[in-house]
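The structure under discussion appears below in the form of structure tokens.
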Amino acid sequence: MKEIKILSPNGILGYGFPLSSFEAGLKLKPDVIAVDGGSTDPGPYYLGAGVSFTTREEVRRDLLYILRGANSLAIPVLIGTAGGAGARPHVDWMLDIVDEVQREERIEFRRAVIYSDVSRELLLKKLNEGKVKPLSVEPPLNEKMIHDSERLVAQIGVEPFVEALEAGANLIIAGRSLDVAEFSAFPIWKGFPKGLAIHLGKILECGAIASEPGSGRDCLFGILKKDHFLVFPTNPARRCTRISVAAHSLYEKEDPLKLWVTDGCIDISQVKFEELDERTVKVSGSRFIPKKTTHLKCEGVRFMGFRFVCIAGARDPSFISSLLELEAQVKGEVEENFPDVKEGTDYSIRFVNYGIDGVMGELEPRSDVSHEVGIVIEVIGRNRETARTILASVRSTLLHIGFEGRKSTAGNLAILFSPSDFEGGKVYEFSVNHLMEVDSEKEVYKSFLT
């Protein structure tokens, strides 16, 4: 093959795309359709709970057009991080949707299902062998962190996808994956340069975000050749520019000039971005630098408790100027009222003050304060009743607490809803975010042809 054409429908399966954009992409006769099925960007809850952050109907709609289009062209479809977080429940959830679409459309695929869940036993073994290391900001991993984790996955790379393609699969549904893996696997399998293939995958992974105006809900098209690749949106209302494509090359990377994958990195220090026309960018110079060892990023979450939330607002300048001190006082009074439970062990209280430092927290550089403040009160308790009780106490105490300059006893807070308190369900936090050295990715993933 002299070139490989890849259609990326959108940033994440379930985000949607204009049907006209997708049909325009199909008319260009792509060799493969690849799409990211999820991300950990929405936080640890979805991995812990085993649910998707996109809805079933959203995903079903996208899959209907993708599978129908791929079938009409007899081309493969590659999906990574299926179901949102890519653990076994997420993959199985997406498989159920795929089954439904295939039945209704009466289309068949040679399917490969790839699970990338990590067993505690394997991670403990690697830890004891000294083959687990933290990412730059994470603490070292220990056995307790592993045992406390309710679910563990690893970000697989290209290897499992290539193996499935070799076995004849033309629909691959994979668990947690590198964002670039499903896009770069087909061209790497066909012998195209790894550096260019992975860099193109980096640009395609978020759909039309790498265009102007950017959007994760639209299509991007890539054409890979032996010494360069081209990218452009299929929607005529968008265009790729040198800046938009170069900017996305820097996206979600610790080192702006290196993109790390399981077995090496892509060096983009010598990359050249050229605008071929008003909508197309040519990229050349991406180089793959292999490393001696293979590392997989492992992700795990642990259960923290149950969340209850109250949302309120305040406009009294005296109250706002004293708010941080009053919140600290409320915490003290609640602790006195409930001596049988301890903050930090049985519950935690958090105030988020929009209009003071609600977005940046302690990093907020500005000292000016808005004339009104939105207050989010969050309590996480070891059980539902503890969380509910502590939140009710915090809310009522802050509502009526006295402060210097107070002119009314009617209440300090304008509470947005009735009922005032909302249950947020189970709460998880990331417990594992570490690199695990493996001899081969086969130590982790399990692949099944159906």
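Numbers for the structure displayed
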read-out: Hits in region 344-375 - residues which are farther than 18 Å from S322 by Cβ and β-branched (V, I, T); value: T345, V359
read-out: Flag if R315 is of a type in the set (K, R), at negative phi and either touching a Gly at 6+ places or on another chain (Cβ under 9 Å) or in contact (Cβ under 8 Å) with a residue 40 or more places away in the chain (or both); value: yes
read-out: Filtered residue count, region 406-450, keeping only those that are among the aliphatic types (A, V, I, L, M) and more than 25 Å from the chain's Cα centre (by Cα); value: 6
read-out: Y347 assigned by TED's automatic domain parsing to the domain that holds G313 and either more than 24 Å from F417 (Cα to Cα) or touching a helix residue (DSSP H, G or I) at 6+ places or on another chain (Cβ under 8 Å) (or both); value: yes
read-out: Those residues of region 1-48 which are of a type in the set (A, V, I, L, M) and surrounded by 18 or more Cβ atoms within 10 Å (Cβ to Cβ), in sequence order; value: I4, I6, L7, I12, L13, L26, V32, I33, A34, V35, L47
read-out: Tally of residues being crowded, with 21+ Cβ neighbours inside 10 Å and in contact with a Phe, Trp or Tyr (Cβ under 7 Å, 6 or more places away or on another chain) across region 277-298; value: 2
read-out: Yes/no for V261 being crowded, with 20+ Cβ neighbours inside 10 Å, in contact (Cβ under 8 Å) with a residue 40 or more places away in the chain and within 30 Å of K125 (Cβ to Cβ); value: yes
read-out: Of the criteria (1) closer than 16 Å to N433 by Cβ; (2) buried (at least 22 other Cβ atoms within 10 Å of the Cβ), which one I173 fails; value: (1)
read-out: Boolean, E299 is under 30 Å from R242 (Cβ atoms), modelled with pLDDT of 95 or more and in contact with a Lys or Arg (Cβ under 9 Å, 6 or more places away or on another chain); value: no
read-out: Tally of residues being touching a strand residue (DSSP E or B) at 6+ places or on another chain (Cβ under 6 Å) and not in a helix (DSSP H, G or I) across region 2-27; value: 9
read-out: L152 assigned to a strand (DSSP E or B) and more than 25 Å from Y15 (Cα to Cα); value: yes
read-out: Cβ-Cβ under 6 Å pairs, at least 6 apart or on other chains, region 395-420 side over 13 Å from S318 (Cα atoms), far side in a loop (DSSP other than H, G, I, E, B) and of a type outside the set (G, A, S); value: L399/N412; L399/L413
read-out: Condition check for K297: within 30 Å of K133 (Cβ to Cβ), part of a strand (DSSP E or B) and among the basic types (K, R); value: yes
read-out: Unique residue being touching a residue at least 40 places away in the same chain (Cβ under 8 Å) and surrounded by fewer than 14 Cβ atoms within 10 Å (Cβ to Cβ) when the list is L141, L135; value: L135
read-out: Which listed residue is more than 28 Å from L165 (Cβ to Cβ) and either at pLDDT 95 or above or of a type outside the set (S, T, Y) (or both), from N142, N71; value: N142
read-out: Evaluation of L296 against (1) in contact (Cβ under 8 Å) with a residue 60 or more places away in the chain; (2) within 17 Å of E205 (Cα to Cα); (3) within 21 Å of the chain's Cα centre (by Cα) (one fails), failing number; value: (2)
read-out: Residues of region 237-258 classified as free of Cβ contacts under 8 Å to residues at least 40 places away in the same chain and within 17 Å of F17 (Cβ to Cβ), total; value: 1
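The values are calculated or read from the model by the stated rules, or taken from the named source; none is laboratory data. Because the structure is predicted, anything quoted here is derived from the model rather than measured. When we count neighbours, we look across all protein chains shown, and the Cβ atoms used for this are built from the backbone with ideal geometry, even at glycine.
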